[in-house]
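Just below is one structure, and these are the notes that go with it.
The values are calculated or read from the model by the stated rules, or taken from the named source; none is laboratory data. Predicted model only: the values in this text are computed from it and were never measured. Note: ideal-geometry Cβ built from the backbone for every residue, glycine included; neighbour counts use all protein chains shown. Areas reflect the complete protein model, heavy atoms only, side chains present, ligands, DNA and RNA absent. Shrake-Rupley method; radii C 1.70, N 1.55, O 1.52, S 1.80 Å.
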Amino acid sequence: MEGLMTIVKEGWRYKGSGNVMWMAHRISGLGIMFFLILHVFGMSMSFFNPALHEIMLETYKTPLFAVGELGLAACLVFHSINGTRIALLELRPEWWLQQKKATQYSLVATVVIGVPMILIMAMASINHFVK
Amino acid sequence: MTTQPLGRTIRTVKPIPQARNNFERTMWLFMRYSGLALTLLALTHFGYQHIIVGTQNITTAQTVNNWGEAGKSINLGQFAWRAYYMAILGLAMLHGMNGVRQIAWDYIGNNKTAYTVFMGIVVLLSVIVTILGTLALIFGATAK
């Protein structure tokens, strides 16, 4: 616990921007894993218990999950693009010289792909709930 | 490794020893390659269901339609859906479990009991859910 608090308090200063990306990658990954387990359970019920499968699909259509959906989209887009940067750079060490630029590009790509996605989903939810 | 007063670091270069822990090496490579594959697979899945179909329009009928009904023969399209989901399911679960393992090791690794109990719960939950999901993808959806 103490180690965790140190990370939360000092993590933002330690090593600068690279460390923030590293932490954001972990947090978004945990968020995706949490939903993945719930999602796979819900979908598997399509075979084992269709009534429960329907309940889970209907739960995803509630306002709470509509907000969570936006968070999931943000986590997924960021984790995918940042992860692609990590994978490409670590599998091609000669690209390490471009480390800073690659981080900036992946952030720009996250915003360019993520923001329109979130806007489209938010508009769909607003149109559905606010009528 | 010695540090000079100026703050420069001098490292003694030794030949790289043979990897003793093949599991960690395999998982390191797996995280990179599965991550690249999942970028394509998971983003297309999310984009299709949430943007093209729309969360409010996802129904049990869509599941039955895409996967094919349990106990009936399936067409090529339904086979493709199942193979696609099977690939995402397996890769994402292994990728996620290993990610959680690394995070748990970093923060509670010094407490063997907490680490073992936490990872036991995570692995048990993930494996059970993966088995349920795989069986559902093998047999298909039950029509109401």
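Tabulated data for the structure shown
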{"read-out": "B:L94, A:L72, reordered so the largest accessible area comes first (probe 1.4 Å)", "value": "B:L94, A:L72"}
{"read-out": "Carbon plus sulfur fraction of accessible area for chain B, probe 1.4 Å, in percent", "value": "67"}
{"read-out": "Rounded accessible area per residue of the stretch A:2-129, 1.4 Å, Å²", "value": "58"}
{"read-out": "Within straight-line cross-link reach of A:K61, lysines at Cα separation under 16 Å, skipping those fewer than 8 residues along the same chain", "value": "A:K131"}
{"read-out": "Chain A: angle of helix A:63-91 to the longest principal axis, Cα-based, in degrees nearest 10", "value": "30"}
{"read-out": "Debye log10 I(q)/I(0) for the protein assembly as shown, one point scatterer per Cα, at q = 0.13, 0.15 Å⁻¹", "value": "-1.02, -1.30"}
{"read-out": "Shape category assigned to chain B from the gyration tensor of Cα positions, a/c cut at 1.5", "value": "prolate"}
{"read-out": "Helical mean residue ellipticity (222 nm; -39500 (n - 2.57) per DSSP H run of 4+; nearest 500) of chain B", "value": "-23000 deg cm²/dmol"}
{"read-out": "Mean separation of Cα contacts under 8 Å (6+ apart) over length of chain B, as relative contact order %", "value": "28"}
{"read-out": "Interface burial for A against B (accessible surface, 1.4 Å probe, total of both chains, Å², rounded to 100)", "value": "3800"}
{"read-out": "D_trans [Stokes-Einstein, Kirkwood Rh over alpha-carbon pairs] for chain A, 4 °C, 1.567 mPa s, µm² s⁻¹", "value": "75"}
{"read-out": "Accessible area, probe 1.4 Å, largest first, for residues A:M56, A:M5", "value": "A:M5, A:M56"}
{"read-out": "Within 10 Å of each Cβ in A:97-108, the average number of Cβ atoms from other chains", "value": "0"}
{"read-out": "Average accessible surface area per residue within the stretch B:21-139, 1.4 Å rolling probe, Å²", "value": "54"}
{"read-out": "Portion, in percent, of the accessible area of the stretch A:2-129 that falls on carbon or sulfur, probe 1.4 Å", "value": "75"}
{"read-out": "For chain A, the longest site-free run once chymotrypsin sites (Phe, Trp or Tyr not before Pro) in DSSP loop states with at most 16 other Cβ atoms within 10 Å are removed", "value": "A:15-131"}
{"read-out": "Relative contact order [Cα under 8 Å, 6+ residues apart], chain A, whole percent", "value": "24"}
{"read-out": "Dipole of the stretch A:2-129, positive direction: furthest Cα of A:I120, A:P50, A:F65, with charges on the beta-carbon", "value": "A:I120"}
{"read-out": "Accessible surface ranking that places the most exposed of A:R92, A:R26, B:R20 first, with a 1.4 angstrom probe", "value": "B:R20, A:R92, A:R26"}
